[in-house]
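Written out below as structure tokens is the structure these notes cover.
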Amino acid sequence: MNKYEMTVVVNVKLEEEERTATVEKVKNYITRFGGVVGEVEETGKRKLAYEIQKTKEAYYYFIQFEAGADAPAEIEQKVRIMDNVIRYLIVAKEA
């Protein structure tokens, strides 16, 4: 199992419960593809480096997880089509 960190940038226009549901859905995708979710850190609303979908701010979440080598591609495929997720990135963490 490899260690990964996923950054999820969520639309600022969502209510708190919708943001929570979005993050839960991402966590469910991780576990569905054999991953184990670790720490989930919410850094709150932050200014974007550039405007995305006419939005200048978004909520940032950092999800630590462990999974097999093929899981990140599967997770990205599902997260890519989520309406409330503006951007995402999965990076491998060094051991």
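For the chain, which whole-number percentage of the solvent-accessible area (1.4 Å probe, protein heavy atoms only) is attributable to carbon and sulfur atoms?
Working: 2640 of 6040 Å².
Result for the chain: 44 percent of the exposed heavy-atom area is carbon or sulfur.
Treat every Asp and Glu Cβ in the stretch 1-93 as -1 and every Lys and Arg Cβ as +1, leave all other atoms uncharged, and give the resulting dipole magnitude about the Cα centre to the nearest 20 debye. Intermediate results must be reported in sequence, preceding the final value.
Working: 15 positive and 16 negative charges, 64 e Å.
The dipole of the stretch 1-93 has a size of about 300 debye.
Working out 0.36 nm times the residue gap between A21 and E76, then minus their Cα-Cα distance, what length gain in nm do you get to one decimal?
On the way: separation 55, 0.36 × 55 = 19.80 nm, distance 1.75 nm.
Gain in length upon complete extension: 18.0 nm.
Highest first, please rank the peptides 54-63, 16-25 by the mean number of other Cβ atoms sitting within 10 Å of their residues. If you can, show how the numbers build up before the last one.
On the way: 54-63: 15.8, 16-25: 13.8.
My ranking of the peptides, most packed first, is 54-63, 16-25.
Please work out how much length the chain gains when fully extended from K47 to Q64, using 0.36 nm per residue of separation minus the C-alpha to C-alpha distance, in nm with one decimal.
Numbers: separation 17, 0.36 × 17 = 6.12 nm, distance 2.24 nm.
Extra length from K47 to Q64 when fully extended: 3.9 nm.
What number comes out for accessible area per residue over the chain if the probe is 1.4 Å? Units Å², please.
Averaged over the residues of the chain, the accessible area is 64 Å².
Points 7 angstrom from Cα along the Cβ direction at V40 and K13: gap in nanometres?
It works out to 2.4 nm between the two label points.
The values are calculated or read from the model by the stated rules, or taken from the named source; none is laboratory data. All values derive from a computational prediction rather than experimental measurement. Note that we place each Cβ from the backbone using ideal geometry, even for glycine, and neighbour counts take in every protein chain shown. Side chains included, ligands, DNA and RNA excluded: accessible areas come from the protein's heavy atoms. Shrake-Rupley method; radii C 1.70, N 1.55, O 1.52, S 1.80 Å.
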